[in-house]
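Visitor: One structure coming up, written as structure tokens, with questions to follow.
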Amino acid sequence: MTKRQARSWKPRTTTGGEPARFLEQDAILKWRLENLVSIWNATVPQGTHVTYWPVSDEPMKFVQTQIKSEAWVLGSAMGVMIDGVSGCVACDHLRLRPKPFLPGDAPPTEEKK
């Protein structure tokens, strides 16, 4: 191969012009993310109480709220709608929290083994 041929050589591409191996990796990542979204939706129902950090580097600033939608794929992350925030938020900024204890509720009991 001459120097000129080496400079003009490009990896095998698909119709979009991107290298095929990157498209395969993107398809695998998308498939994994879709599976994570389906697991999230099956285990975290709407109305679940969460703590939301608007900025991930500042954990002291947080909002306690509820989830009001199912999760969906947001590019390379998962997103949901929550009460008190316009638009969606990434699930990476949420932490699940227990249901608040309301007056009149029975106190939790510990099971003894």
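Visitor: Determine, from the Cβ-Cβ distance of SER76 and ARG97 and an R0 of 25 Å, the FRET efficiency 1/(1 + (r/R0)^6), rounded to the nearest 0.05.
Guide: Computed FRET efficiency for SER76 and ARG97 comes out at 0.45.
Visitor: With each pseudo-label sitting 7 Å past Cα toward Cβ, what's the ALA27-PHE62 distance in nm, one decimal?
Guide: So the two model labels end up 4.1 nm from each other.
Visitor: A follow-up question, please. Could you grab the relative contact order for region 18-96? Cα pairs under 8 Å, six or more apart, rounded to a whole percent.
Guide: Relative contact order comes out at 26 percent.
Visitor: Treat the count of other C-beta atoms within 10 Å as a stand-in for reagent exposure and order THR51, THR65 from fewest to most.
Guide: THR51, THR65
Visitor: Among 41-50, 26-35, what's the highest-first ranking by average C-beta atoms within 10 angstrom per residue?
Guide: 41-50, 26-35
Visitor: Also: Restricting things to alpha carbons, tell me how big region 18-96 is in terms of Rg and Dmax, in Å.
Guide: For region 18-96, the Cα radius of gyration and maximum Cα-Cα distance read 14.4, 44 Å.
Since every read-out is calculated from the coordinates, none of them should be taken as a lab result. The structure displayed is predicted, hence computed values, not measured ones. Backbone-built Cβ (ideal geometry, glycine too); neighbour counts: all protein chains shown.
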